[in-house]
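Everything below concerns the one structure shown next.
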Amino acid sequence: MKGFAKKTGQAVLLMLGCTLLVFAIQVLSGRDPGRAILGTQATQTAVDALNHRLGVDQPLLGQYLDFVAGLARGDLGLSFYSGAPVTEILAGRAPVTASLIVLSFVISLVITFPTTLLAVRNPGGPADVISRGFVLAGTVIPSFWLGILLILVIALPTGLFPAGGYPDDPSGQLRALVLPAITVAVGLAPVQIRTLRSAWLRAMRSPYVEAPRSRGVGTTRLLISHALPNSLNPLVSLLAVQAGWAAFGAVIVENTFRLPGIGQGLIVDASHSDFPLVNGTTLLLAFVVVLVSSAADGLARLLDPRLRSAQ
């Protein structure tokens, strides 16, 4: 319980640090929010009135406290470009990005576990060599290049998947996410395979596997029932790190496939100098990274009793 309270406190401090950093970027941008929202034709009186309503004419400490209080209420301010609430805009984009990331991880793990199982079953054999070749190729291939390749090789010739866009119907949305998810998954799977392979081989050499092996337990059962559960901790920690990478990496993939998610929106918002939306997006992604990392740490402690005993 003490360890849980400590981790929760650390997560809260990290989130507060994120809010301070985003607020500082917003202040240092030097933009006049009232002028940006109302446009160049608005009178200075109207601009000053809007700035007063937004609270940006207060001292910096008061602005920061209002900023944090707004976050607690789910208020991230107004878009400079459209004047709409930032939270409403992000709420419309988030499901697309979340669906992309979830599907990407599902595909990457579907690749990772069978590939690693075949590699660990016969280290140095053909399957192991092929898996290491895939790890090398997947590490060096740029995601935007792979996305374009999938469009040219699969989407355009076959018509099975759209080359871009995001339809309104659920089946069309799923088809639109397949190729982008494969693009992200190919970037995720190599590191997962490398991490799981090392942990799995190490577990296969441990005493708790050697004992049942001496009793004649088969290799497949040893790999799955005895060694795999004790090999998952490094993978769980890695997945937490990759969740943050995937969220930021979605910026490239969503623009390649024209998906209306947080990533594509971030590029558009930056081109419009829409700082409230850029800052809100950055803050949302940072919070996701902190929360996922904290959840992964708790899951790792549940999986490994040694971590609980070390508390």
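Report the paramagnetic label zone for Ile130: residues of the range 219-239 whose backbone N is under 19 Å from a point 7 Å from Cα along the Cα-to-Cβ axis. Once the point is set 7 Å along Cα→Cβ of Ile130, 220 turn out to lie under 19 Å by backbone N, inside the range 219-239.
In Å², what does the accessible area per residue of the chain work out to with a 1.4 Å probe?
Details: 16350 Å² over 311 residues.
Using a 1.4 Å probe on heavy atoms only, each residue of the chain averages 53 Å².
Dividing the radius of gyration of the alpha carbons in the range 54-157 by their Kirkwood radius gives 1.25 for Rg/Rh. Match the structure shown to one of the listed values (i) 34, 59, 7, 0; (ii) 36, 61, 3; (iii) 27, 48, 22, 3, 0 of P(r) over Cα pairs in 20 Å bins from 0, in percent, computed from it, and give that label. For P(r) over Cα pairs in 20 Å bins from 0, in percent, the calculated option is (iii). Per-atom-type breakdown for the chain gives carbon and sulfur 69% of the accessible area (1.4 Å probe, protein chains only). Comparing Leu136, Leu149, Leu65 in a Gaussian network model of the chain (Cα springs below 10 Å), the most mobile by mean-square fluctuation is Leu65.
Summing Lys and Arg as +1 and Asp and Glu as -1 over all other residues whose Cβ lies under 15 Å from the Cβ of Gly187 gives a net charge of 0. Between Val102 and Ser171, the modelled label-to-label distance comes to 2.0 nm, taking each label 7 Å out from Cα in the direction of the beta carbon. Taking one equal scatterer on every alpha-carbon of the range 190-269, how large is log10 of I(q)/I(0) by Debye at q = 0.13, 0.15, 0.23 1/Å? Results for the range 190-269 at q = 0.13, 0.15, 0.23 Å⁻¹ read -0.56, -0.63, -0.96.
The values are calculated or read from the model by the stated rules, or taken from the named source; none is laboratory data. Computed from a predicted structure; not experimentally measured. Heads up, the Cβs are rebuilt from the backbone with ideal geometry, glycines too, and the neighbour counts pull from every protein chain shown. Keep in mind that these areas ignore ligands, DNA and RNA; they rest on the heavy atoms of the full protein, side chains included. Shrake-Rupley method; radii C 1.70, N 1.55, O 1.52, S 1.80 Å.
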